[in-house]
Every structure is written in C-alpha cells, then in structure tokens.
1. Find the residue count for the range 197-221, including only residues that are surrounded by 19 or more Cβ atoms within 10 Å (Cβ to Cβ) and within 16 Å of Ser145 (Cβ to Cβ).
2. Take the residues in the range 243-255 that are more than 18 Å from the chain's Cα centre (by Cα) and surrounded by fewer than 20 Cβ atoms within 10 Å (Cβ to Cβ); name whichever of them is farthest from Leu16 (Cα to Cα).
3. If you check Gly88 against the conditions, is it outside any strand (DSSP E or B), farther than 24 Å from Leu213 by Cα and at pLDDT below 95?
4. Are there strands (runs of 3 or more DSSP E) fully within the range 167-240 with at least 3 residues that are away from the ligand (no atom under 16 Å from the Cβ) and more than 16 Å from the chain's Cα centre (by Cα)? List them.
5. Sort out which residues of the range 107-153 are of a type in the set (Ser, Thr, Tyr) and either within 19 Å of Asp91 (Cα to Cα) or more than 17 Å from the chain's Cα centre (by Cα) (or both), and write them in order of number.
6. Here is a list: Tyr146, Tyr114, Tyr100. Which entry is surrounded by 15 or more Cβ atoms within 10 Å (Cβ to Cβ), touching a residue at least 24 places away in the same chain (Cβ under 8 Å) and closer than 19 Å to Glu188 by Cα?
7. Scan the range 136-171 residue by residue and report those that are at pLDDT 95 or above and among the hydrophobic types (A, V, I, L, M, F, W, C).
8. Can you work out which of the residues in the range 1-52 that are within 15 Å of the ligand (Cβ to nearest atom) and among the hydroxyl-bearing types (Ser, Thr, Tyr) is nearest to Met201 (Cα to Cα)?
Amino acid sequence: MIPIDDTPLCRDGKILILAYDHGLEHGPVDFTGVPESADPERTFEAATHPAVTSVAVQKGIAEAYYPSYADDVDLLAKLNGTSNLWMGEPDSAVNCSVEYAADIGASSIGFTLYGGSNHEIEMAEEFRNAQEAAREHDLPVVMWSYPRGQGLKNDTKPSTISYAARLALELGADVAKVKHPGSQGAMEDAVRMAGKTKVVMSGGSKTTDREFLESVKQTIDAGGKGLAVGRNVWQRENPERILDALEAVIFEEATVEEALDAAE
Ligand code: FBP
C-alpha cells in the first residue's frame, strides 16, 4: 500500500473515477440509449467536471483521445479487460503494461480480478506483476474486485462483497472497487474488511437519480471513499447534472435531497 491522498486520483481523500471501458466490456449496446455516448470525447468532456478525479479507459481510447485532455483530466489506465463476446469462465486479458500506461500519461492503474473464477489463479498472478510494477512507478493501484464464476450464484451478496474488499487489501491494491452489497451495514462490513485499502462503489446499470444517489450516500456513510462509475453518468442525457449531485454527496457530505437540488 502507498499513500494516495496526495495523488491526482484523490481529492480531499475521496475518489470519483469516471469509467469508460464499456465499449470493450459490454460492447456498443451500452451506447444505444444515448448515441452520442459512443464518442469518447463526450466522456472526456464530462471528466473535466471538478467532481471527477480520474477517467478510467483502456489503452486504445487513452492513446487516441487523452492527449487532447491531458491538461484537464487525470488518467487511470485500465490494464486488463475482455469483451462480452467471450463466453468462457470469467477472465480478463492483460492489454496494457504498467510501463506503457506510465508512458501514455496514466497516474494510476486499474486491474480486474474475478475472484472465484476458474481463472482466479492466473489473474492473481497477473495482478501481482502489475501491482509490483506499479510500485516501481509510484502509481496507485485500483482493483476492480468482482467475484464471479461458475460457483458464484450471487455476486453482490454481502459476504461476497466483503470478501472482494478483503482480496484487494490482501493482494496489495490501494483502492477496492466493489459492487454495492445492498445496504449501508453490508458496505460498512466491506469497508472494515478492506482495512487501509480505500473502498469505492461500482456504479452499476443506470437507475433513477434518487436510487443511484442513495446507494452512493450509503457508501460514503459506510466509510467508503467514493465511486467508480460509468453508465449512471454518461448514459444520462446530461452527465454534468448528475456529476453536480455526486460532488455534493461525495465531497460536501450533502444529503440525497440536497444533492437532488444541486442537480436541478
Ligand atoms: P458502471 O458504473 O457502468 O457499472 O461501470 C463500472 C464498471 O466496472 C466498468 O468499468 C466496467 O466496464 C463495467 O462496470 C463492468 O460491469 P460488469 O462486468 O458488471 O458488466
């Protein structure tokens, strides 16, 4: 673990990562509701909002679009990822090295671990390589800690999310990105299991403003440090509006009602 509060990934110890790797992970279907969202520039524009601490993208998007935003946006390079065309047991190809991520301007790295997958052993070994290389470059490491696989029927049950958070601590991640386990109490347990590793909530599929903000508020009240979110921001017609609300909840300790007002 390295101190990350003074890195660009954090603002006042909190984190709001805008994730935009869905074109790989889910495919073009995620862009159908708001066709403009297929244009990476739209998300980079959204990432200039002061609430956003970093934008998380794959190497190709970073190479093609980040140079135009390097002065205004912080880059988290997602090192592994797999398309939805893959039908096998959960796994994630390593598409980018830490060295290359640093070369293209990333100030932190992201890595998915599917604990419980039949590929967990290889993925953990790949994570080890990335984590140790990141230390050489002083880059914070964010683990997308998503237990899933043949044996796991419910990947958001509280005990699974607590285990996901613990895996991140045990394997040396600075930040554990976990799914919301359904209640503030369950998120508190995940935060406790993560120890010194900061916990951020994974955004999930698009919901109403209120439902989404309530889950974020629960995460913050549980001791979580923020959010790594994609669809709940850029699948909205006006990403800036929900970012205003997120800024209020994450950085200003606002209530959900106050945040909804901020988003008017
Ligand atoms: P969302 O906020 O849209 O859920 O994005 C977070 C994220 O982790 C992305 O980085 C990733 O592409 C996606 O979720 C993966 O979601 P899943 O594997 O659960 O379909």
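1. Counting residues in the range 197-221 that are surrounded by 19 or more Cβ atoms within 10 Å (Cβ to Cβ) and within 16 Å of Ser145 (Cβ to Cβ) gives 8.
2. Residue satisfying both the conditions and the ranking: Thr255.
3. It is true that Gly88 is outside any strand (DSSP E or B), farther than 24 Å from Leu213 by Cα and at pLDDT below 95.
4. Once the strands (runs of 3 or more DSSP E) in the range 167-240 are filtered for at least 3 residues that are away from the ligand (no atom under 16 Å from the Cβ) and more than 16 Å from the chain's Cα centre (by Cα), nothing remains.
5. Thr112, Tyr114, Ser117, Ser145, Tyr146
6. Of the residues listed, the single one that is surrounded by 15 or more Cβ atoms within 10 Å (Cβ to Cβ), touching a residue at least 24 places away in the same chain (Cβ under 8 Å) and closer than 19 Å to Glu188 by Cα is Tyr146.
7. Leu139, Val141, Val142, Met143, Trp144, Ile161, Ala164, Ala165, Leu167, Ala168, Leu169, Leu171
8. Tyr20
The values are calculated or read from the model by the stated rules, or taken from the named source; none is laboratory data. Values in this document were obtained by computation on a predicted structure and should not be read as measured data. Ideal geometry is used to build each Cβ from the backbone, glycine not excepted, and the neighbour counts take in all protein chains shown.
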